[in-house]
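K.L.:
To start, I am sharing the structure in question, which I have written as structure tokens.
The values are calculated or read from the model by the stated rules, or taken from the named source; none is laboratory data. Computed from a predicted model, the values in this text were never measured in an experiment. Cβ coordinates were reconstructed from backbone atoms using ideal geometry, including for glycine residues, and neighbour counts include every protein chain displayed.
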């Protein structure tokens, strides 16, 4: 057997090792690049999905509230209720005492009075807040000014308060509600699934301090803010009595006992009757304001987070969605001559237009941006925050169908 030559021993040359190392690094680099792009794409898509979900939920909630504007007010002359103002103008819930940062950055703005100076502040089904809101940090609002607010008013249908017999007691800022006898009168309309009116102080749907009641008597209409509710707990029996108090100097300044347009003026005690007038009814109103507010960053690293809030009457405002950076509305209405006016930013700027004849509400801008800037992703490194903006229109059916064809 011939001995093996050393020159024929198995192995790789240095050049072969270098070529294989370079090829391996190229394969690994390509794999890392693909993985990084996949992670970036997942991050971008997840942010877009979150923005779409928040934007859809915000829009749906606003559409529901705005479309109900005026419900329950069709029996009120002009679908509006004059508010007391002798002891100071009533204020919006988001600017009430104890609110850390209100919805109106330049101070409380009075309820509208149309024409200006010729009436008391008035509660209308829709009240615009043209450019009265905040300017989000780093933002420029088209047209200048701040973001918009919108306030809508409609009647609650979950608590069968109108089934109770309502009476005033001395001095007129206290009402008693007596549960009806059986069988229930035909005028008592209960929510689906309810067989007897709920307790006025029911823990789920009952009255609580901060609620606003619309009271009707033969002497007129008035609103007041509930400050206290007392009565037995549990399911009411016929004849059960609950007491609701409307104390003076409430958080919304709606209760101004003895003053013009106050709840006490329709009680009978201050109208020469000397006793509670018969035929009083009451139901709860939802006075809902949508507005933007910037919550500061505790760390101070950013300017803060701009949040869309929903304020109901005199209760604590609830956040709807984070990172909503613009909110603007326009309105379609008509003037006293019947001329149609479209896409007005401030529908009550002229003395010939009242908020109770608005027929269509347009969300001109509802804008949301991503939670984190695009610099975190190589896919959108030069585009900053991702953002979505939606526009839509809706009809306030209780105003459009009632006012449009009865307007003279």
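K.L.:
Tell me which of these residue 258 doesn't satisfy, since it passes every other one: (1) more than 18 Å from residue 95 (Cβ to Cβ); (2) under 29 Å from the mean Cα position of the chain (by Cα); (3) at pLDDT below 95.
P.N.:
Single failed check for residue 258: (2).
K.L.:
Something else about it: Mind telling me which of the residues 210, 206, 224 ends up being in a loop (DSSP other than H, G, I, E, B), in contact (Cβ under 8 Å) with a residue 40 or more places away in the chain, in contact with a strand residue (DSSP E or B) (Cβ under 9 Å, 6 or more places away or on another chain) and closer than 23 Å to residue 260 by Cα?
P.N.:
That would be 210, the only listed residue that is in a loop (DSSP other than H, G, I, E, B), in contact (Cβ under 8 Å) with a residue 40 or more places away in the chain, in contact with a strand residue (DSSP E or B) (Cβ under 9 Å, 6 or more places away or on another chain) and closer than 23 Å to residue 260 by Cα.
K.L.:
Something else about it: For residues in region 269-285 being surrounded by fewer than 18 Cβ atoms within 10 Å (Cβ to Cβ) and on the phi < 0 side of the Ramachandran plot, which is modelled with the highest pLDDT?
P.N.:
Across region 269-285, the extreme among qualifying residues is 283.
K.L.:
From (1) out of contact with any helix residue (DSSP H, G or I) (no Cβ under 9 Å at 6 or more places or on another chain); (2) part of a loop (DSSP other than H, G, I, E, B); (3) modelled with pLDDT under 75; (4) surrounded by fewer than 19 Cβ atoms within 10 Å (Cβ to Cβ), pick out the condition that doesn't hold for residue 346.
P.N.:
(3)
K.L.:
Take the conditions within 30 Å of residue 170 (Cβ to Cβ), assigned to a strand (DSSP E or B) and touching a residue at least 60 places away in the same chain (Cβ under 8 Å) and apply them to residue 283. Does it pass?
P.N.:
yes
K.L.:
For region 74-111, name all the residues that are in a loop (DSSP other than H, G, I, E, B), at pLDDT 85 or above and within 19 Å of the chain's Cα centre (by Cα).
P.N.:
Residues satisfying the conditions are 90, 91, 92, 111.
K.L.:
Can you name the residue in region 394-403 that is touching a strand residue (DSSP E or B) at 6+ places or on another chain (Cβ under 8 Å) and more than 13 Å from residue 333 (Cβ to Cβ) and is also modelled with the highest pLDDT among such residues?
P.N.:
Residue satisfying both the conditions and the ranking: 394.
K.L.:
With respect to residue 185, determine if the residue is assigned to a loop (DSSP other than H, G, I, E, B), over 23 Å from residue 111 (Cα atoms), touching a helix residue (DSSP H, G or I) at 6+ places or on another chain (Cβ under 9 Å) and without any contact (Cβ under 8 Å) to a residue 24 or more places away in the chain.
P.N.:
In short, yes.
K.L.:
For region 118-131, indicate whether the set of residues that are part of a helix (DSSP H, G or I), under 15 Å from the mean Cα position of the chain (by Cα), modelled with pLDDT of 90 or more and crowded, with 22+ Cβ neighbours inside 10 Å is non-empty.
P.N.:
Within region 118-131, none of the residues are part of a helix (DSSP H, G or I), under 15 Å from the mean Cα position of the chain (by Cα), modelled with pLDDT of 90 or more and crowded, with 22+ Cβ neighbours inside 10 Å.
The rows are residues; the columns are (1) on the phi < 0 side of the Ramachandran plot; (2) outside any loop (DSSP other than H, G, I, E, B); (3) at pLDDT 70 or above; (4) surrounded by 18 or more Cβ atoms within 10 Å (Cβ to Cβ).
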position	(1), (2), (3), (4)
363	yes, yes, yes, yes
371	yes, no, yes, no
379	yes, no, no, no
389	yes, yes, yes, no
405	yes, no, no, no
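K.L.:
Let me ask something else about it. Of the residues 217, 245, 203, 240, which is surrounded by 15 or more Cβ atoms within 10 Å (Cβ to Cβ) and farther than 29 Å from residue 86 by Cβ?
P.N.:
Answer to the selection: 240.
K.L.:
So, one more: Does region 301-315 contain at least one residue that is assigned to a loop (DSSP other than H, G, I, E, B), over 25 Å from residue 58 (Cβ atoms), in contact with a strand residue (DSSP E or B) (Cβ under 9 Å, 6 or more places away or on another chain) and free of Cβ contacts under 8 Å to residues at least 60 places away in the same chain?
P.N.:
Checked against the condition, which is being assigned to a loop (DSSP other than H, G, I, E, B), over 25 Å from residue 58 (Cβ atoms), in contact with a strand residue (DSSP E or B) (Cβ under 9 Å, 6 or more places away or on another chain) and free of Cβ contacts under 8 Å to residues at least 60 places away in the same chain, region 301-315 yields no hits at all.
K.L.:
Does region 170-181 include one or more residues that are more than 21 Å from residue 246 (Cα to Cα), surrounded by fewer than 14 Cβ atoms within 10 Å (Cβ to Cβ) and either more than 18 Å from the chain's Cα centre (by Cα) or in contact (Cβ under 8 Å) with a residue 60 or more places away in the chain (or both)?
P.N.:
Checked region 170-181: at least one residue is more than 21 Å from residue 246 (Cα to Cα), surrounded by fewer than 14 Cβ atoms within 10 Å (Cβ to Cβ) and either more than 18 Å from the chain's Cα centre (by Cα) or in contact (Cβ under 8 Å) with a residue 60 or more places away in the chain (or both).
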